[in-house]
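K.L.:
A single structure is presented below for examination.
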Amino acid sequence: MRLPLVYHPDYSPEFPAEHRFPMEKFRLLHDHLIDSGVVSDEELHSPALCPNEILALAHCPDYIERYMSGELPHADQRRLGLPWSAALAQRTVRAVGGSILTAELALEHGLACHLAGGTHHAHYDHPAGFCIFNDLAVISRYLLAAGKVQRVLIFDCDVHQGDGTARLLADTPEAITVSLHCEKNFPARKADSDWDIPLPMGMGDRDYLQVVDDALNYLLPLYQPDLVLYDAGVDVHKDDALGYLKLTDQGVAARDKAVLQHCVGRNIPVMGVIGGGYDKDRKALAARHGILHHSATQVWAERMV
């Protein structure tokens, strides 16, 4: 069996080509992984739409209804930064379904990755920063409520703080929120994660990887989670438009492999989502996101030996 990967064609709906958010990156990531032999279309796991009652474990039912019917107030539309469409609404709930499926596959097989996910700026009753519903918070609440896990740890390595996740799970002690982020970056008003690790602008591979190792060596034995949700944002990359850290391709690959090996080596199931990444060269961006899936494939193969 090969590494479980989750994807759906809904992930890249029609979208304004000049928009700052690279909506086609999900389709291009799919194509990159197919072309590089990581997976075949037949092997990809296809998710269902996330039901409203599961979304409502982390989000206000009125907000869910307003968004899905295209009736967000203008102020919320500005916070979100994405133009509403029925296709985008369907893509949104499909992607949350994909993250839930990825988590369930990780619990079953020890490791699984999504070709989307990591929408960590979404809040209880409003969107923010290109994020509509918070898949990390929804997964955590769903798996805890279903009794599938007793404790989950979110290891968020997106360059931006996971403020929505921190606020949504502030009253859920069984879900530990960890955010490694550039200290001088969006959002301007940070939330309080269980563990915030603010990083200086311009930090490169060596120092960053030391922080990752030190954090995991401390936190995984401390909490002994039943599942790790890993947000592998590539906006830490030196060429990212919104990042301000200076990781290379090799640094991102070393980070992804280290996180996954820390978990797998302790027999802790781990699932990966792609998080943020912004570049006008959309094919280069897709390949950058694909570093997660290539790294996970290597860790999967090493585990099988």
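K.L.:
Does VAL93 satisfy being surrounded by 13 or more Cβ atoms within 10 Å (Cβ to Cβ) and not in a helix (DSSP H, G or I)? Even if it seems obvious, please write down each step before you answer.
P.N.:
On the way: surrounded by 13 or more Cβ atoms within 10 Å (Cβ to Cβ): yes; not in a helix (DSSP H, G or I): no.
No: the conditions fail for VAL93.
K.L.:
Now, a different point. Of the residues ALA145, ALA188, only one is modelled with pLDDT under 95 and farther than 25 Å from HIS289 by Cα; which? I'd like the intermediate steps shown before the answer.
P.N.:
On the way: ALA145 fails: modelled with pLDDT under 95.
After ruling out the rest, the residue left standing is ALA188.
K.L.:
If I go through segment 145-170 residue by residue, how many of them are within 26 Å of LEU101 (Cβ to Cβ), out of contact with any helix residue (DSSP H, G or I) (no Cβ under 8 Å at 6 or more places or on another chain), in a loop (DSSP other than H, G, I, E, B) and of a type outside the set (A, V, I, L, M)?
P.N.:
Residues meeting the conditions: 3.
K.L.:
Okay, next question. Name every residue in segment 16-46 that is closer than 16 Å to ALA87 by Cβ, touching a Ser or Thr at 6+ places or on another chain (Cβ under 8 Å) and either in a loop (DSSP other than H, G, I, E, B) or among the acidic types (Asp, Glu) (or both), in order of residue number.
P.N.:
Passing the criteria: MET23, GLU24.
K.L.:
Pull out all pairs, ordered by first then second residue, where Cβ-Cβ is under 9 Å, the residues are six or more apart or on different chains, the first lies in segment 229-240 and is surrounded by 24 or more Cβ atoms within 10 Å (Cβ to Cβ), and the second is among the basic types (Lys, Arg) and in a loop (DSSP other than H, G, I, E, B).
P.N.:
From segment 229-240, the pairs are VAL236/LYS246; HIS237/LYS246.
K.L.:
Check LEU180, LEU216, LEU220 and return the single one that is in contact (Cβ under 8 Å) with a residue 24 or more places away in the chain, in contact with a strand residue (DSSP E or B) (Cβ under 8 Å, 6 or more places away or on another chain), surrounded by 23 or more Cβ atoms within 10 Å (Cβ to Cβ) and within 25 Å of THR102 (Cβ to Cβ). Working first, answer last.
P.N.:
On the way: LEU216 fails: surrounded by 23 or more Cβ atoms within 10 Å (Cβ to Cβ); LEU220 fails: surrounded by 23 or more Cβ atoms within 10 Å (Cβ to Cβ).
On inspection, the qualifying residue turns out to be LEU180.
K.L.:
Let me ask something else about it. Kindly indicate whether ALA112 is part of a strand (DSSP E or B) and modelled with pLDDT of 95 or more.
P.N.:
yes
K.L.:
So which residues in segment 136-152 are among the polar types (S, T, N, Q) and surrounded by 22 or more Cβ atoms within 10 Å (Cβ to Cβ)? Please lay out each step first, then the result.
P.N.:
First pass over segment 136-152, keeping only residues among the polar types (S, T, N, Q): 140, 150.
Answer for segment 136-152, where residues must be among the polar types (S, T, N, Q) and surrounded by 22 or more Cβ atoms within 10 Å (Cβ to Cβ): just SER140.
K.L.:
Go through segment 202-245 and report how many residues are within 15 Å of VAL159 (Cα to Cα) and either hydrophobic (A, V, I, L, M, F, W, C) or within 20 Å of the chain's Cα centre (by Cα) (or both).
P.N.:
Residues flagged as within 15 Å of VAL159 (Cα to Cα) and either hydrophobic (A, V, I, L, M, F, W, C) or within 20 Å of the chain's Cα centre (by Cα) (or both) within segment 202-245 amount to 21.
K.L.:
Looking at (1) in a loop (DSSP other than H, G, I, E, B); (2) free of Cβ contacts under 8 Å to residues at least 24 places away in the same chain, which one does LEU49 not meet, given that it meets all the others?
P.N.:
Status for LEU49: all satisfied but (2).
K.L.:
Sticking with this structure for a sec: Residues that are surrounded by fewer than 24 Cβ atoms within 10 Å (Cβ to Cβ), more than 16 Å from LYS25 (Cβ to Cβ) and in contact with a helix residue (DSSP H, G or I) (Cβ under 8 Å, 6 or more places away or on another chain): does segment 276-287 have at least one?
P.N.:
No.
K.L.:
Still on this structure, I have one more. Just one of the numbered conditions (1) assigned to a loop (DSSP other than H, G, I, E, B); (2) touching an Asp or Glu at 6+ places or on another chain (Cβ under 8 Å) is not true of VAL178; which one?
P.N.:
Answer for VAL178: the failing condition is (1).
K.L.:
Mind telling me which of the residues PHE133, PHE155 ends up being crowded, with 22+ Cβ neighbours inside 10 Å, of a type in the set (Phe, Trp, Tyr), under 18 Å from CYS50 (Cβ atoms) and at pLDDT 95 or above?
P.N.:
Working: PHE155 fails: under 18 Å from CYS50 (Cβ atoms).
Selected residue: PHE133, the only one of PHE133, PHE155 that is crowded, with 22+ Cβ neighbours inside 10 Å, of a type in the set (Phe, Trp, Tyr), under 18 Å from CYS50 (Cβ atoms) and at pLDDT 95 or above.
K.L.:
I need the full set of residues from segment 249-275 which are buried (at least 24 other Cβ atoms within 10 Å of the Cβ) and among the β-branched types (Val, Ile, Thr), in order please.
P.N.:
First, the residues of segment 249-275 that are buried (at least 24 other Cβ atoms within 10 Å of the Cβ): 252, 255-256, 259-260, 263, 270-275.
Once the filter is applied, which keeps residues that are buried (at least 24 other Cβ atoms within 10 Å of the Cβ) and among the β-branched types (Val, Ile, Thr), segment 249-275 yields VAL252, VAL259, VAL270, VAL273, ILE274.
The values are calculated or read from the model by the stated rules, or taken from the named source; none is laboratory data. The model shown is predicted, which means the values in this text are computed figures rather than measured ones. As a convention, Cβ positions derive from the backbone with ideal geometry for all residues, glycine included, and neighbour counts pool all protein chains shown.
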